[in-house]
Amino acid sequence: MQLNVNDRPQKVAPSDPEMPLLWVLREQLNLTGTKYGCGAGICGACTVHVDGAPLRSCVTPAAALAGRRITTIEGLAAASPKHGVALQQAWIEHQVPQCGYCQSGMLMAAAGLLAATPQPTDEQIDAAITNLCRCGTYPRVKAAIKRAAGMTA
Amino acid sequence: MRPTATFSVPRRRLLLGSLFAAGAWTIGLDPRPALAQPKPPQIVDPSVPGFGIWLRFEGPGLTLLTNVTEMGQGTPSLLAAIAAEELGLPLERIKVEQAPIEPRFDNPFTDSYLTYGSIGFRIAYATLAPVCAAARDMLQRAAATRWSVDAADCTLREGQVTHVASGRQLPISALLAEAAALRPPEKPSPKPHEQWTVLGQHRQRTDIPAKTDGRMAYGIDERQPGLLHAAVLHGPGFGAKLAALDERPAKAIKGVRKIVRLPGAVAVVADSWWTALQATRKLKPRWTPGPHATLGSDKHAAELRAAVQAGQGDAFPKRIDARLDEAAVTTALAAASTSSLEQLYEFPFLAHAPLEPLNATVRVDKEGAEIWLSTQSQSDTRAAVAKALGLATERVQLHSRPCGGGFGRRLEFDCAVEAALIAKAVPGQPVKTIWSREVDMRAGFYRPASAVRLRLALGADGLPTALRADMAGARIEDYSGVAGEPENDMPDFASSMAWLGQSYSLPAFHLAFTKVDRGVPLAYWRSVGASQNTYCLETMIDRAARSRGADPLAYRRRLLAGEGPRQRRALALLDALAARAGWGQPLPAGHHRGIALYEGNRAVSGHVVELAVTEPGRFKLVKIWAGIDAGWVGNPDAVQAQLMGGTVFGLAAALYGEINFTHGEVREGNFDAYRLPTMAELPPIDLLVVGNGERPAGVGEEGVPTIAPAIANALFAATSQPVARLPLTRAGWRT
């Protein structure tokens, strides 16, 4: 089947109808920036965008996404030159990542939030960013989101 | 189950645990004469010309080799600053590279290539600063010879060597050949800490940009030509053995290449990990139960309680601290019978749960093997894999990747060994074994469960005269693949931690340990024994304070009154933290504060917590203040990050972290049952970082031990009821 990933048509071959998008991205398209953390849609490390909205790719079959516009962390800057790029800059400015494993998912969730709510309150950030971070970077994630929102206001 | 830590490797090094024990630190002097000090290794050999193995000057730049694992703490980035400080080289010209995994690049203090225990910056500084200082000395001497001047008048700055008086200068690169022919100085002198201009500043970490755009590659991201993927099933409970297996349901799935049977595991090797995972779900192996197949958490907890109540544990030897004196403690407790306090504490097993689940990519062929993985223990893992494959260590090449979280779990090589045995069944092809989150969480190597019966005798002045801790649990050193040979007279290392390293006035201790081992593999979990013992000590101190009508801060100040530098340093951090938190200021109705302090790894750290009790059994965190005195601070921003991260890590354990057993099997499998806090659950966290020590201190673990007792002390202030069990949900408290 064909998937539109980071603005390019890609030929993929899910091994079965249930094969999650996560594994198609990682193994067939070599897009390893999207991560496996739990396989149950809980941790958010697998977050991508489908038509601009965040989606947890570990629990979404690739087969269900024909014809949809998929964006991964590798394509965030190109797909979201305003919010995505501002977030990545703010992430560096605030030195957000520690081990960094959850951060692709965090950034995708954050970009989805800013696209829908360009000037989020703390409560809106809390509600939208439910991704898990074992290193405890949450306070800096929040600060960087607010910084990016400020940069793009 | 799957191979546990049976692949022990020869020990030449200092016992890993001894680097933690009782707050002692083998680099530098411990003030208590009872503790034997091993001789620090020689870092720079004055008999060998040249700059040594850790520095590689290339043109105008410098490449540093490091054996420190990057797992989120940013230590490798910090090393460039050490070189910049000592050699006057601009930071942009310095690169840091992972050193080859060869014995000559082992950590000289542990005789191995591994990263743990907040040692990264401390050991890196202790090794790299003298090496760079030696190189500086040699460059000065080379310039001095060239110009016929005094070496002391030649300074290194901006990549140049300059003779200040005459203005002559040369780039470092022009002097390298002559300098490299010289012998290093007998006593290299790193720049005094007060003169730092590069270290001690905030600098952006070099690994962070790649962590914002998907480029950073962890072990799980490894790509190799012809890569196959493996998922595994482990037996129910530890020590279970595979008895029977019908492979057909898995073999029928398209893309499945091979089923591999191991003593305690079944692996499916396939074209994709999803296929392999689906195939494991179709298999219904029969297992012979292991020796602890009946393990249940309730019964286990009862055994631990009974052991500490019996009080028949093995005593810790007096040689580790002169204050260990069972007779004096028994006398003091008897004398203080009406004013001694007693509390039984209980702690569960805890999983590390790094967000990158354990995995390893291995290729085995006739000549040897190659392994790619995220690991904290490069040399031990390589040796264990070699041994498992029946190969000489030199035949195994190990490629180390940055870790998606370590926390001590990635010191263990259980997954690596299993992955090697799986790859051995498919020779010539690289196989990436990924443990699913469920397999990872149930694979053991936990922070031990324990019980502690704590007794504190109080004198007429209300201050403690004696402390007795009877502890029970299993020993990490009986399971961890990286533990050294235990010393014969040490009942257990983790249990000795955090009691004796505090600067509180406490004249006499009796520490005893009873081994209660039900076969659960154990590992070093961020802050190790402090995660339990600091909880006991700090909550008991609050009980002691309350029993005398004293404020917990004031009581601790009395415990730290004294002229010793360690007491003054601990008191300074305590006071700074308390002042920042507004300790003593009026609180809104229903709000309460708790405080806790910790000293370890040459750091002092603590928390103040403000919370509101909203209804019986329910509280809301209002604000957290975290503080650390990190000695010499290499990068204040990175220290803040570790303080914040340690706080959240400890908070998870405080609030709801627990691993439970039913019929020998771990109940929790994913983050639904083994909860981690989300952003929404955190109150504001204030971070205080100061640097008032004589040398660099550890920071990676030091944010962890005090958050749980600070919360418990706030709840105690609210209700007068001690909180003696973690997680708090087990003690009847929810957020």
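What follows is calculated from the coordinates using simple rules that are stated; it is not laboratory data. These numbers come from a predicted model, not from an experiment. Don't worry about glycine lacking a Cβ; one is built from the backbone with ideal geometry, like all the others, and counts go over all protein chains shown.
A few notes on this one:
- Cα gyration tensor, segment B:133-200 - rounded (a/c under 1.5), prolate or oblate: oblate
- Only aspartates and glutamates eight or more places from B:Lys299 in sequence, or on another chain, were considered; those with a Cα closer than 20 Å are B:Glu346, B:Asp470, B:Asp517, B:Glu658, B:Glu665, B:Glu668.
- Dipole of chain A, positive direction: furthest Cα of A:Ala77, A:Leu65, A:Val12, with charges on the beta-carbon: A:Ala77
- The protection proxy used here, the mean number of other Cβ atoms lying within 10 Å of each residue, ranks peptides B:491-499, B:336-344 as follows, highest first: B:491-499, B:336-344.
- Since only B:Trp372, A:Pro97, B:Gln160 are under comparison, the one whose Cα sits farthest along the positive direction of the charge dipole of the protein assembly as shown, derived from C-beta charges on Lys, Arg, Asp and Glu, is B:Trp372.
- What separates the Cα centres of segment B:178-221 and segment B:343-409 is a distance of 25 Å.
- For B:Asp246, B:Asp575, B:Asp106, order by how many other beta-carbon atoms lie within 10 Å, fewest first: B:Asp246, B:Asp575, B:Asp106
- Helix-only [θ]222 nm of the protein assembly as shown, DSSP H runs n ≥ 4, -39500 (n - 2.57) each, per residue, nearest 500: -8500 deg cm²/dmol
- Mean sequence separation of contacting Cα pairs (under 8 Å, at least six apart), scaled by the length of segment B:420-556, corresponds to a relative contact order of 26 percent.
- For B:Lys251, the lysines whose Cα falls under 25 Å of its own Cα, not counting residues fewer than eight places away in the same chain, are B:Lys241, B:Lys282, B:Lys284, B:Lys424, B:Lys432.
- For the peptides B:468-481, B:693-706, residues were scored by their other Cβ atoms within 10 Å and the scores averaged per peptide; the highest-first order is B:693-706, B:468-481.
- For the protein assembly as shown, the gyration tensor built on C-alpha atoms gives a rounded shape. Its axis ratio a/c (a ≥ b ≥ c) stays under 1.5.
- Prolate/oblate/rounded label for segment B:586-704 (Cα gyration tensor, a/c 1.5): oblate
- 10 Å Cβ neighbours from other chains, averaged over peptide A:34-46: 6
- Kirkwood Rh in Å, taken over segment A:62-153 so that all alpha-carbon pairs contribute: 13.3
- Share, in percent, of DSSP beta bridges within chain B that are antiparallel, nearest 5: 75
- Label positions at B:Lys241 and B:Arg261, each projected 7 Å from the Cα along the C-beta direction, are separated by 1.2 nm.
- Think of segment B:62-172 as having a plus end and a minus end, set by charges on the Cβ of Lys, Arg, Asp and Glu; of B:Tyr116, B:Val149, B:Met138, B:Val149 sits farthest toward the positive end of this dipole.
- Where a label projected 7 Å from the Cα of B:Gln343 along Cα→Cβ would reach, residues of segment B:700-723 with amide N under 16 Å: B:705-723
- Averaged over the residues of peptide B:674-681, the number of Cβ atoms from other protein chains lying within 10 Å of each residue's Cβ is 6.
- Using the Cβ-Cβ distance between B:Lys318 and B:Arg56 with R0 set to 41 Å, the FRET efficiency works out to roughly 0.30.
- Peptides ranked, highest mean first, by Cβ atoms within 10 Å: ranges B:306-312, B:629-635, A:53-59: B:629-635, A:53-59, B:306-312
- Label zone (A:Ala78, point 7 Å along Cα-to-C-beta; backbone nitrogen cut-off 18 Å) within segment B:215-255: B:215-216.
- Per-residue average of Cβ from other chains inside 10 Å of A:12-18: 3
- Segment B:245-264 and segment B:516-574: distance between their alpha carbon centers, rounded to Å: 52
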